[in-house]
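Below is one structure, written out as C-alpha cells; the observations come after it.
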Amino acid sequence: MTTFVLVHGAWHGGWCWRDVVAPLRSAGHDVVVPTLLGLGERAGEFRPDIGLRDHVDDVVGALEGADLRDVVLVGHSYAGLVVREAADRVPERVAQLVLVDAWAGPDGASIDSLAPEYFRSWVDSVSDGGATPVPAARTAGVTDPQQVAWVEALMTPQPRRTFSDPTRLTGAVDAVPCRAVICTPPGRIPFGAWARGFGWPTVELESGHDAMITAPGALAGILLEDA
C-alpha cells in the first residue's frame with residue numbers, strides 16, 4: 001500500500017481531487033487530501049497575510065501529524081512550489097514527488113518571479129485587499145457545463161502573498177525522485193519547459209490544466225504507476 005498526499009493548486013481546495021481519490025483508494029492505497037489555509041472549506045480562515053510558508057506548514061503538518069512516511073507527494077499548479085519546499089524540509093518522509101502542470105523554480109523563486117508578464121499584470125490588476133479573485137474555470141481547461149458549475153461554485157480567492165513569497169530550498173529536495181505530468185494542450189505558462197529544465201521524467205496528459213477534474217481516471221492511472 002502506498003500513501004498518496006494530494007495538494008491542490010491556487011483557488012482550489014481538497015475537493016478538487018474527489019474523482020482521483022476514488023480510484024486510488026479502490027486500488028488499495030491510502031490517500032490524504034489536505035486543504036490549504038484560507039482556501040476551499042477553510043475559506044473562513046482567510047487572512048491577507050497568508051503566504052507560501054503557511055501552505056508549506058500545512059503540508060509538513062499533514063505529514064508529521066499522522067507520522068506519514070514513504071509518501072507519494074503530488075502537487076498541482078501553484079502547489080508545485082508548496083510540495084517542493086515541504087519535501088525539502090522533511091525529505092525523509094517523501095519517497096516520490098509528482099508535479100502536475102506545476103510551478104517549479106530554484107531557491108528564491110516565486111510565482112511572481114517565474115510568471116510571464118501577462119500573468120503578473122493580470123494578478124496585480126485584479127487583486128484587492130490581499131486577495132486574488134477566482135478566474136473563470138475555462139482558463140484552466142474546464143469546459144463541460146456541469147464541471148464548470150461545480151468548480152466555479154467551490155473555488156475561493158487566493159491570498160495574494162502566496163504568489164509573491166519566495167520559496168526556501170536547502171537543496172535537500174533535489175535528492176527526492178520527481179516526475180512531472182504535463183497537461184496538454186499547453187497553455188501560456190511553461191510548465192513543461194520548467195520540468196525538462198530540472199531533468200525530471202515527464203508524461204503528457206491530454207486534459208487541459210485542471211487534469212484532476214477533466215481527466216481524473218487518466219491522472220489516477222499515472223499516479224498508480226508510482227505506487
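General observations
- Charges were assigned to the Cβ only: +1 to each Lys and Arg, -1 to each Asp and Glu. The resulting dipole of the chain about its Cα centre is roughly 160 debye.
- Shape of region 82-227, Cα gyration tensor, a/c cut at 1.5: oblate
- 1.4 Å probe accessible area per residue over region 17-173, in Å²: 41 Å²
- Each principal axis of the Cα cloud of region 118-199 was taken in turn, and the coordinate range along them, longest first, works out to 40, 32, 23 Å.
- With at most 13 neighbouring Cβ atoms within 10 Å, loop trypsin sites (Lys or Arg not before Pro) (DSSP) excluded, longest segment of the chain: 70-167
- For region 1-127: rounded, prolate or oblate by the Cα gyration tensor [a/c cutoff 1.5]: prolate
- Prolate/oblate/rounded call for region 76-124, Cα gyration tensor, a/c under 1.5 rounded: prolate
- Each label was represented as a point 7 Å from its Cα along the Cα-to-Cβ direction; for residue 41 and residue 122 these points are 2.9 nm apart.
- For the chain, the carbon plus sulfur part of the accessible surface works out to 51%, probe radius 1.4 Å.
The values are calculated or read from the model by the stated rules, or taken from the named source; none is laboratory data. For clarity, every value in this text was computed on a predicted model and none was experimentally measured. All Cβ positions, glycine included, derive from the backbone under ideal geometry; neighbour counts span all protein chains shown. SASA here: full protein model, heavy atoms, side chains in, ligands and nucleic acids out. Shrake-Rupley method; radii C 1.70, N 1.55, O 1.52, S 1.80 Å.
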